[in-house]
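The values are calculated or read from the model by the stated rules, or taken from the named source; none is laboratory data. The shown structure was predicted, so the numbers you read here are calculated from the model rather than taken from an experiment. In this analysis, Cβ positions are derived from the backbone assuming ideal geometry, glycine residues included, and neighbour counts consider all displayed protein chains. Remember, those area values only see protein heavy atoms, side chains included, never the ligands or the DNA or RNA. Shrake-Rupley method; radii C 1.70, N 1.55, O 1.52, S 1.80 Å.
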Amino acid sequence: MAGPTRVLLVDDDPSLADLMADQLGELREEFAIRVETDPNDALDAVETGRIDCIVSDHHMPQMTGLELLRYVREMDPDVPFILFTARGSEEIASDAVSEGVTDYFRKRRGSDQWHVLANRIENLAARYRAEEAVQRREFALRQLTRTVIDSVSTPIESLCELGCETLEVEYGALVSEDTDSEDPVEILVETVERDLPFDTAHGVPLSDNIGDLTVEGNGIVAVTGGVDTSDTGGFSSYIGAPVYVGGRRYGTLCFCDRGDRTEFTGWERAFVELLGDWLGHELTSEWARDQSETVATARTRLRSAVAMLDDGDDIREELVAIAELLDREPPSTTPVSIELS
């Protein structure tokens with residue numbers, strides 16, 4: 001998921017914590033820094049929010065940095081954790097390594113330490129997010145394969161849930177559009193991770209803070225704002241792919257969120273395209289099966305009508321010609337195949 005690098009700073013001294021946040025924020029605009037002076041509040045932040053890197057002091061009255069690290073590793077064994085302390089020792093460093101610390105950094109005097117710390121945070125967070133993205137892709141493709149194989153009918157709800165989980169967004173929907181209708185937008189199926197402060201019954205509301213609309217050749221539409229709109233009306237990020245059934249536009253499979261995402265990656269766009277194409281393929285197959293049953297019924301009734309007419313009758317010849325058209329084999333369907341690199 002693209003967006004700011006979320007850094008959690010933990011230090012029981014509010015003035016030092018604020019100084020760290022100010023220094024790192026000036027060096028890296030992409031850092032979204034959260035400060036906690038109570039390690040218990042820091043654990044809540046790890047549990048409820050997405051954190052890309054943790055920087056913690058060691059000597060704190062409520063909980064030491066090593067104790068905090070131990071609890072964090074139970075929640076997330078991979079998130080980068082930097083122990084940043086002024087009173088370190090070889091014993092503390094050794095214990096930190098045993099507990100799974102990512103980096104150990106002694107506080108120093110001067111401004112150079114902030115440059116070094118900012119570089120370490122940036123590199124560790126980037127590696128963590130890249131590895132997490134690979135794991136997320138592999139999981140998403142396995143889940144998509146399982147969903148397709150195990151389902152006896154078109155799993156629209158399952159595809160919406162999988163898309164939300166893979167993209168890490170809170171809302172997914174299949175939306176139809178009929179410009180000739182009094183209510184042109186209809187939400188056919190939707191999945192919502194948590195309660196929304198606004199209504200989606202008449203469409204997908206977007207925030208005024210969204211960025212530019214991007215339409216690619218394959219029909220992918222993406223809108224991103226990079227502004228968290230959790231407490232306002234409308235989504236701040238949107239991505240959608242068209243769904244075609246029988247060669248006609250049926251609707252749009254879209255995913256939205258109120259977070260601070262700044263863009264959708266190429267892989268995320270390709271995955272949404274895959275979901276949209278697969279859904280269209282499945283809906284087209286269902287439509288074709290329904291059409292086959294309708295044609296079979298029409299063929300039976302047509303043959304009965306032909307049998308009741310005399311040879312040489314012009315109407316009989318027309319009906320025979322129609323029957324021959326109905327006997328033709330339907331066109332073969334093309335398998336869905338998209339490269340996800």
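Observations on the structure shown:
- Length released on extending from Glu186 to Glu161, taking residue separation times 0.36 nm less the Cα-Cα span: 7.1 nm
- Segment 1-155: C-alpha gyration tensor shape, a/c 1.5 cut-off, then a/b vs b/c: prolate
- List His115, His58, His281, ordered by accessible area with a 1.4 Å probe, largest first: His115, His281, His58
- Rounded to whole numbers, the Karplus 3J(HN,Hα) couplings from phi for segment 257-268 are 7, 10, x, 9, 4, 10, 6, 10, 6, x, 5, 5 Hz, using 6.51 cos²θ - 1.76 cosθ + 1.60 with θ = phi - 60°, and x at Gly and Pro.
- Here's how it looks for Ile33: its modeled amide H is under 5 Å from those of Val7, which are all 5 or more places away or on a different chain.
- For segment 1-89, applying the loop criterion from DSSP together with a ceiling of 13 other beta carbons within 10 Å to the GluC sites (Glu not before Pro) yields Glu29, Glu30.
- In sequence order, calculated HN-Hα J values of segment 240-246 (Karplus, 6.51, -1.76, 1.60; Hz; x Gly/Pro): x, 10, x, 10, 10, 10, x
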